[in-house]
Amino acid sequence: MGYTIECVFQCDNHLGEGPVWDADNGLLYWLDCTGRRVGKPSIWQLDPRSGATRHWSLPMDVGAMALRTHGGAVLAASDGFYLFDFDTGECEVVHRVDTHGGRVRLNDGKCDRRGRFFAGGMDDEEELAVCSLYRLDPDFRVTEVDRDIICSNGPCWSPDDRTFYFADSFKQALYRYDFDIESGTLSNKRDFASTSGDAGLADGSTVDAEGCVWNAQVISGDLIRYTPDGALERRIGMPVRNITSVMFGGDRLDEIYVTSMGRVSHPKTHDHFAVEAKPQFSAGALFRIKGLGIRGLVEPKFAG
């Protein structure tokens, strides 16, 4: 059976990221992490049945979002963790983190199946390993669980909750850790996969019901599926180069949503990004893949 890739919405995101499928209501949420820098909304919502969209603007960058069990969302934003109210559009700070003078901002994040929110930082210059990975517990306590990171991306868990996957994009590495679901602790960090021989870098990830890891490769535009032992199982070329994250959705969780980036200005400390004067056609759009015959898992919510 063949698959199809379609552009669902030409949202022109500056840095589209962090798709979250709301299985209870059949809605997709995603972010434009740095959209506010160019006067664009930060949080987006799509109802795939009607095509209706909503959006909200924030006064700061936002790297990740998870829905809350009792409504609203938790955000990993420029300087820390916030709670967000969709009805009022208001943010409430929970905990601020060290931003190294504004150079570091929180980036990618997801919840484990006990409702803890894991999110890590990135160096905005994409150069120094000065960032940390944090765990926000439902009682709002924050714990540093890893450090010496350049760019946090792709946190996700195996279906049995025994393995945590994580990428440090500009180290060109994906890692796996042993995960204790009872305590939320990480141990035994080791290599899972590498992008050193690829044209792209590891960005956002998710895990399917078979335990395989899907990773969006920014720069190359390849959507990668890794087996649980880190072997490359398939590579799907997307219509744009700078894809950023991936999430299963749809009524049967058998559709894949992929976000992308329209930004053309990047730090000059490395040569990973091609020099562009304007975005590639459809860069920054939201895409959907149908017909793969693979299902995802319900995305956990923040229990706080």
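For the stretch 271-280, the set of residues classified as surrounded by 10 or more Cβ atoms within 10 Å (Cβ to Cβ) and either at pLDDT 90 or above or out of contact with any strand residue (DSSP E or B) (no Cβ under 8 Å at 6 or more places or on another chain) (or both) consists of Phe273, Ala274, Glu276, Pro279, Gln280, listed by residue number. In the stretch 156-189, the residue that is nearest to Trp214 (Cα to Cα) out of those that are part of a strand (DSSP E or B) and β-branched (Val, Ile, Thr) is Thr163. Scanning the stretch 211-235 for residues that are among the acidic types (Asp, Glu) and within 15 Å of Tyr165 (Cα to Cα) yields one hit, Asp229.
Cβ-Cβ distances below 9 Å connect the following pairs, each with a first residue in the stretch 168-190 that is in contact (Cβ under 8 Å) with a residue 60 or more places away in the chain and under 13 Å from Pro155 (Cα atoms), a second residue that is outside any strand (DSSP E or B) and among the hydroxyl-bearing types (Ser, Thr, Tyr), and a separation of six or more residues or different chains: Phe179/Ser158. Considered as a group, the residues in the stretch 222-232 that are among the aliphatic types (A, V, I, L, M) and without any contact (Cβ under 8 Å) to a residue 40 or more places away in the chain include one that is surrounded by the most Cβ atoms within 10 Å (Cβ to Cβ), and that residue is Ile224. The residue that is surrounded by the most Cβ atoms within 10 Å (Cβ to Cβ), among those in the stretch 54-106 that are on the phi > 0 side of the Ramachandran plot, part of a loop (DSSP other than H, G, I, E, B) and modelled with pLDDT of 95 or more, is Gly72. Could you tell me whether the stretch 119-132 includes any residue that is touching a residue at least 24 places away in the same chain (Cβ under 8 Å), β-branched (Val, Ile, Thr) and outside any loop (DSSP other than H, G, I, E, B)? Checked against the condition, which is being touching a residue at least 24 places away in the same chain (Cβ under 8 Å), β-branched (Val, Ile, Thr) and outside any loop (DSSP other than H, G, I, E, B), the stretch 119-132 yields no hits at all.
Restricting Ala167, Ala129 to residues that are surrounded by fewer than 19 Cβ atoms within 10 Å (Cβ to Cβ) and out of contact with any Cys (no Cβ under 7 Å at 6 or more places or on another chain) narrows the list to Ala129.
Residues checked against (1) out of contact with any Pro (no Cβ under 7 Å at 6 or more places or on another chain); (2) crowded, with 19+ Cβ neighbours inside 10 Å; (3) among the hydrophobic types (A, V, I, L, M, F, W, C):
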residue: Arg176; (1), (2), (3): yes, yes, no
residue: Asp191; (1), (2), (3): yes, no, no
residue: Glu210; (1), (2), (3): yes, no, no
residue: Ala216; (1), (2), (3): yes, yes, yes
residue: Ser220; (1), (2), (3): yes, yes, no
residue: Arg234; (1), (2), (3): yes, no, no
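Name, by its number, the condition in (1) over 28 Å from Ile219 (Cα atoms); (2) surrounded by fewer than 16 Cβ atoms within 10 Å (Cβ to Cβ); (3) small (Gly, Ala, Ser) that does not hold for Gly115. With respect to (1) over 28 Å from Ile219 (Cα atoms); (2) surrounded by fewer than 16 Cβ atoms within 10 Å (Cβ to Cβ); (3) small (Gly, Ala, Ser), Gly115 is out only on (2). On the basis of being of a type in the set (D, E, K, R) and in a loop (DSSP other than H, G, I, E, B), does Arg49 make the cut? Answer is yes for this residue.
Has the stretch 243-256 got at least one residue that is under 20 Å from the mean Cα position of the chain (by Cα), surrounded by fewer than 17 Cβ atoms within 10 Å (Cβ to Cβ) and touching a residue at least 12 places away in the same chain (Cβ under 8 Å)? No: the stretch 243-256 contains no residue that is under 20 Å from the mean Cα position of the chain (by Cα), surrounded by fewer than 17 Cβ atoms within 10 Å (Cβ to Cβ) and touching a residue at least 12 places away in the same chain (Cβ under 8 Å). Scanning the stretch 133-152 for residues that are among the acidic types (Asp, Glu), surrounded by fewer than 15 Cβ atoms within 10 Å (Cβ to Cβ) and part of a strand (DSSP E or B) gives Glu144, Asp148.
Residues in the stretch 1-46 that are in contact with a Lys or Arg (Cβ under 6 Å, 6 or more places away or on another chain), surrounded by 19 or more Cβ atoms within 10 Å (Cβ to Cβ) and under 20 Å from Gly221 (Cβ atoms): how many? Within the stretch 1-46, residues that are in contact with a Lys or Arg (Cβ under 6 Å, 6 or more places away or on another chain), surrounded by 19 or more Cβ atoms within 10 Å (Cβ to Cβ) and under 20 Å from Gly221 (Cβ atoms) number 3. If you go through the stretch 28-43 one residue at a time, do you hit one that is outside any loop (DSSP other than H, G, I, E, B), within 15 Å of the chain's Cα centre (by Cα), on the phi > 0 side of the Ramachandran plot and touching a residue at least 60 places away in the same chain (Cβ under 8 Å)? Within the stretch 28-43 (the criterion being outside any loop (DSSP other than H, G, I, E, B), within 15 Å of the chain's Cα centre (by Cα), on the phi > 0 side of the Ramachandran plot and touching a residue at least 60 places away in the same chain (Cβ under 8 Å)), the answer is no, since none of the residues qualifies.
The values are calculated or read from the model by the stated rules, or taken from the named source; none is laboratory data. Since we're looking at a predicted model, the values are computed, not measured. Glycine gets a Cβ as well: all are built from the backbone with ideal geometry, and neighbour counts include every protein chain shown.
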